Each structure stands twice: as structure tokens, then as C-alpha cells.
Amino acid sequence: MKNIHRTRNPFRFNSLILFLSASLIFTACQANEEIRGEEYAVLTHAPAVPASIERDYPTKVIIELETTERVGRLADGVEYTFWTFGGEVPGKFIRVREGDLVEFHLNNRPDSKMPHNIDLHAVTGPGGGAASSFTAPGKGTIFSFTALNPGLFIYHCATAPVGMHIANGMYGLILVEPKEGFPPVDREYYVMQSEFYTGGAYGEGGLQPFDMGKALLETPDYVVFNGSVGSLTGDNAIVANVGETVRLFVGNAGPNLVSSFHVIGEIFDIVYVEGGTVANQKNVQSTLIPAGGSAIVEFRVDVPGTFLLVDHSIFRAFNKGALGMLTVHGEQQPEIYSGLQKERVYLPEGGGIQVIQGEELPVPVLSGAEKIEEGGRLYSQNCAACHQPEGQGIAGAFPPLAGSDYLLADSQRAIGIVVNGLSGPIVVNGETYNGVMPGVLLSDSDIANILTFVLNSFGNEDGEIFAEDVARVRAQH
Ligand code: CU
């Protein structure tokens, strides 16, 4: 404008008129977007997401968020002193509209030991708000910002030492909905990946301290969704029905690792890469989420079953906790996915798969000793990573098979667990385990051999399981 006003060149008169007209139109549009009224934001704990915004105008949104420091569950038998936004890890989900004037009230509980602040990546301003929100225990601060850019943003504490405040759980997501909103879906969920660096190794029980050395080396003991091992499995699984559309708001707090976010058995129909507002990728298997970044993924669930959310840096999923579950209810859809149709013997030397008169070939009959030997080989490939090579399990994470009262009490139940998997709490030798074991995708005879091996190893006395036993249990399910 200033340059235009200084202009004295008459040849520019027409363009000046054009510019002024355009400015008037722009101002009129802005008038439609004047801030109207005020409201308190409704915030949710993960995996819940606040309802989508129905307003077609910006308002003043007041956000009240409290920082706390408290001991909580990191895994079964493992506790950690979490620093939180809103009492849980991750912090509460915030949902505002593009153009909203956000008045942020950050309150630090009087029983906190540390000062905290907040850096919202949705903020245009110094420190993302951190420069204005340093809050000592027993104090509150207020600052305001206009949500200029729509998108899905991380927020986190940025008080020194920053890495430690993030590593202890101080992060969450803020969604700035674009003016035009998002297309409607049937389900929305909040999933946040992060790491924990503990004094003890994964699964080591008791109250675990933060380990700065491991954090510097970027070697976490835990990589989890929503703040703890098992927060999205078993009874905590997120759910949907066949035919519904699901939108996941996924954040990665780090503090160090990049996430290769994947849902086993699903394909993301749409990805808003890096949490921006352009649905810019279709038909994606795994999407990369930077530390301090996000992604929005959408997909229709077409078949029933359990779908695992993982970081496909896969040891993190099966050995460090980065595992969640989406349970889809509904009728089987065999035209999309048939399930196991037939199992048969494969003999490469004999010219590949042979089927005699449409019947399966007989499984070779093994002696008891041969079954144990074969079962041991299969155990080392399929079971030892969790239950450990000597069947001793991992305290707080994977129950022992050696001398397990739970296993030895009921062989039919044991078969069912191997075939169908198990999630939810069980008590083994007086210890509660609340993990997730997927069903083992092996033949009836292989499962019989593994169980026979287990019943005759690690000090377990004896027992024999037959393929027919496994087939009977499988048929019951
Ligand atoms: Cu902090």
C-alpha cells in the first residue's frame, strides 16, 4: 500500500483502481471472518478426538491446560514419573478452526517440581508460544495467537533441558481445521508415537528413572503409542465396523526417532503427508512421520479382524512396544479376503505341491523325540524372541513357559492361545501379564510339535500334543 500511495505516475492510475477494488473485496471477505463470540475448547485424552468444528466463522477459543508430574504405568510392572499436559501421555488433543483467536491458559500444578512451558507448532510467533508461557509450579500464564495455518501440529514443552521434558511425556497434538473442514468420516482417533529411555532394560520392573545417556545415544528401551505399552491393544484397541471410514491423526513426538507408520493388513486410501491440509498421496502402505511431525491417514475398513498399528522399524513394534490394534467388527467378506482356504503338504523334491485326488497328503508321522526336535526348531523361529530361548520370558512383558502354572494347567487352552493369539491380563506364577500375542500362523502339526517341545523342555516334565488336538481346537473357534 505504501508504495502505491507514493506513486505519482498517471499510467499506473488504472492499476491503482484495480488494486483498491481488489483490496475492498478482500476486506469484505475478511469481514465475514471477523472473530465472533468466545468458547472454551473441549479437549480429549487419546485415543479420543474432539468433535469436528461446525462453525463457519472464527471465534475466540480459550484453552485451559494443566501441567502435572506423576507416577504412572509405562508397561506391566514398570512405572515411570511422567510429566504431562493434562494428566496423561500424550497430552490432550486440541481442535480449533483456521482463523480462531486462541487464548492459551497454561497452569502448572503447585506440587510440580519443574517449571514448564508450551511450544505449539501451530503458532506463528517466538518459540511457538514457549517464550511467553514459562510457568513455575503453582503459577499460570496466558498468551494468545491466531491460528493462521491449518494442519495437524505437535505441541511440546520447551523448558530446558528440552529433550528431557519431551522424553518424560510432555507432548500432544493440536488440529487447526481448515475453514472448509475435512470430509466427513465415520471414526477419528488420536495416536501419538514416542520413546522412553529408562535406567533398566525393556520390561525391567519397578519405578524406572530417565536415562540421559541412552537418550543421547538415541537408543530407547521403549517405543510406544499413546504413552505406554498396551495403551491401544486388547480392551484398549480402537474399533470400527466393516464398511466404515477411519481417520487417524498420528503424531510423532520422538524425541529422537522417525516413525515408519503402518497398519498391518490395511492400505491408507489417503495420506495428508506430514500433517498438511492437502490430501496429497493415495494408496500408501507406510508413511514417514518425522520427530516433531505428524500425518493424517484415512482408510475404509473392508473386512473384519484385528489390524495392528506399528512402527515398521519392526523391532520397535514387537520388542519395544510400538504396537496398537484396530478391531474391525462385521461380516466376513470372502470376495475381498478369503481367510485360510486349504493347508497342504509341500514337497519341493517331489515336484512342488502335490494333492492326491483333492485330498491333502498325509503329514509324516514323527516319533516323540522327532516331534520335540522339530518343535524346538520352530520354537526358536517363532516364539523365542518373546518367551526367550530358555522359556524364561521377560518380566513384566512376556510370561515364562518354563514351569508356567498357567500353561501346564490346561493344554487345550494353551493350544487355543497359540492358534488364536491372546490379549488381556493373565496371571502366570503369581505375576500378572497384560500383553498381546498374535495367533501363530503355522500348520496344525507344526503347532503340535512346538507345544510338545515346550511341554518337554525348560524343566517342564512331559506331555504330547497331536495335530488332531490342534485341529479340534481350531474348529471350535
Ligand atoms: Cu516441561
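Where does the range 177-318 land on Rg(C-alpha)/(2.2 N^0.38 Å)?
1.11
Calculate log10 I(q)/I(0) of the range 203-281 for q = 0.27 Å⁻¹, where I(q) comes from the Debye formula with a single equal point scatterer on each Cα and nothing for solvent.
Taken in order of the listed q values, log10 I(q)/I(0) reads -1.52.
K371: which lysines have alpha carbons under 24 Å from its alpha carbon, excluding same-chain residues fewer than 8 sequence positions away?
Candidates past the 8-residue exclusion: K342.
When only alpha-carbon atoms count, how far does the range 238-323 stretch along each of its three principal axes, as whole angstroms with the largest first?
Sorted largest first, the three principal extents are 37, 32, 18 Å.
When ranked by the protection proxy of mean other Cβ atoms within 10 Å per residue, highest first, what sequence do the peptides 62-70, 150-158, 281-289 form?
150-158, 62-70, 281-289
Size of the dipole of the range 375-477 about the Cα centre, Lys and Arg at +1 and Asp and Glu at -1 on the beta carbon, nothing else charged, in debye to 20?
320
Starting from one equal scatterer on each C-alpha and no solvent at all, send me the Debye-based log10 I(q)/I(0) for the range 122-214 at q = 0.15, 0.16 Å⁻¹, two decimals.
At q = 0.15, 0.16 Å⁻¹ the computed log10 ratios are -0.82, -0.88.
Quick check: from the Cα gyration tensor, does the range 373-467 come out rounded (a/c under 1.5), prolate or oblate?
rounded
Treating each Cα of the range 412-477 as an identical point scatterer and ignoring solvent, apply the Debye formula and state log10 I(q)/I(0) at q = 0.26 Å⁻¹.
Result of the Debye calculation: -1.15.
What percentages, rounded to whole numbers, describe P(r) for the range 29-71 computed over all alpha carbon pairs with 5 Å bin width beginning at zero?
Cα pair-distance distribution for the range 29-71, in percent: 5, 15, 20, 21, 15, 10, 7, 4, 1, 1, 0.
Assuming a viscosity of 1.306 mPa s and a temperature of 10 °C, what translational diffusion coefficient in µm² per second does Stokes-Einstein assign to the range 64-150, Rh being the Kirkwood radius over Cα pairs?
Calculated translational D: 115 µm²/s.
Using DSSP, restrict attention to beta bridges with both residues in the chain and report what percent are antiparallel, rounded to the nearest 5.
For the chain, the DSSP antiparallel bridge percentage is about 70.
May I ask you to sort S445, S404 by Cβ crowding, counting other Cβ atoms within 10 Å and putting the fewest first?
Ascending number of Cβ neighbours within 10 Å: S404, S445.
For the range 302-451, what is the per residue volume of the convex hull drawn over the alpha-carbon atoms, in cubic angstrom?
Convex hull volume per residue, Cα atoms: 169 Å³.
Loop only per DSSP, at most 10 neighbouring Cβ atoms within 10 Å: give me the GluC sites (Glu not before Pro) in the range 230-328, ordered by residue number.
When the GluC sites (Glu not before Pro) of the range 230-328 are filtered for loop state and at most 10 Cβ neighbours within 10 Å, nothing remains.
Report the GluC sites (Glu not before Pro) located in the range 314-346 that are in a DSSP loop and have at most 10 other Cβ atoms inside 10 Å of their Cβ, or state none.
Sites meeting the loop and neighbour criteria: E331, E335.
Could you give the size of the charge dipole of the chain about its Cα centre, using +1 on the Cβ of each K and R and -1 on the Cβ of each D and E, expressed in debye and rounded to the nearest 20?
Roughly 2420 debye, rounded to the nearest 20.
Could you point to the residue in Y272, N319, F249 farthest towards the positive end of the range 232-328's charge dipole, with +1 and -1 charges on the Cβ of Lys/Arg and Asp/Glu respectively?
N319
Can you order the peptides 249-258, 196-205 by their average number of other Cβ atoms within 10 Å per residue, highest first?
The densest-packed peptide leads the list: 249-258, 196-205.
Got a sec? Charge dipole of the chain, +1 on Cβ for Lys and Arg, -1 for Asp and Glu; which of G172, C383, T287 is way out at the positive end?
G172
I need the per residue convex hull volume for the chain, using only the alpha carbons, in cubic angstrom as a whole number.
207
Between the DSSP loop rule and a limit of at most 16 other Cβ atoms within 10 Å, which chymotrypsin sites (Phe, Trp or Tyr not before Pro) in the range 373-477 are left?
F466
Measure out, as a whole number of angstrom, how far apart the alpha-carbon centroids of the range 49-95 and the range 224-272 sit.
Each part reduced to its Cα centre gives a spacing of 17 Å.
Rule-based calculations on the coordinates, nothing more; no lab input. Note that the coordinates shown come from a computational prediction; the quantities given were computed from them, not determined experimentally. So basically every Cβ, Gly included, is an ideal-geometry build from the backbone, and we count neighbours across all protein chains shown.
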